[in-house]
1. Around ASP76, which amide H atoms from residues at least 5 apart in sequence, or from another chain, sit under 5 Å from its own amide H, with H modelled in the peptide plane?
2. Accessible area of region 48-175 with a 1.4 Å probe: how many percent of it is carbon plus sulfur?
3. Per residue, how much accessible area does region 67-140 have with a 1.4 Å probe, in Å²?
Amino acid sequence: MISQIKAAGRNALRTGMILFIFAVVATALLAFTFARTQPTIERSQQAEKLALLSQVLPADLYDNDLLASQQSVPPDDLLGTRQPSTVWIARRGGVVTAVVLEAIAPEGYGGNIHLVVGIDTNGALTGVRVTAHRETPGLGDYIVRSKSAWIEQFVGKSLTVPEARYWKVAKDGGRFDARAGATITPRAVVRAVHGALDYFARNRVALLAGNEAPDAAPNKETPP
């Protein structure tokens, strides 16, 4: 009986050692694979991010490394953010020419709609792109550039063009087109883009200096 118990103990120990060795080898292989592939993954992610930024900023507006210009700004109601977000500073010849802000439209049909918004030093939009959303496929997803050109209508607009009272979809008496039967989504986007323009106007000096926006308390004013 005792010999059987000892044999069982030895078998258990042997099995445990084998499993331990397999675990060590597997972990080493995973670490090796990660180390080999991580630089490629990071380069791919950086390339995708740069491609996205280039969609909202005309190439003649900057000659700096946009990715290296990345800064963090505090949460702000005008941006729809509850966590720090990112601003990219575009420069040409060392002079700030535009910024790209992250913004969130919290009132989409399917929830938050994430945006990047390009704004030049005059406060005019250079481009807007949706980076993430959960809108209904085939109905509300026309806000994505690959689905339609709807998002392009923001280019050149500003806080005063059109007037504030026209920063609405056409169905509500505004100047922005929207597809019939799918107006909740564009309403949210129009509101968020206007909020981003308002945020830029309020923080223009700090942003154009290439500095982080002041750590002020989130603005509680609801964008018009």
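1. Here THR81 satisfy the definition.
2. Exposed carbon and sulfur together represent 50 percent of the surface.
3. Accessible area per residue: 40 Å².
The values are calculated or read from the model by the stated rules, or taken from the named source; none is laboratory data. Since the model is a prediction, treat every value here as computed from it, not as a measurement. When the accessible area is computed, the model is the full protein with side chains, heavy atoms only, and any ligands, DNA or RNA have been set aside. Shrake-Rupley method; radii C 1.70, N 1.55, O 1.52, S 1.80 Å.
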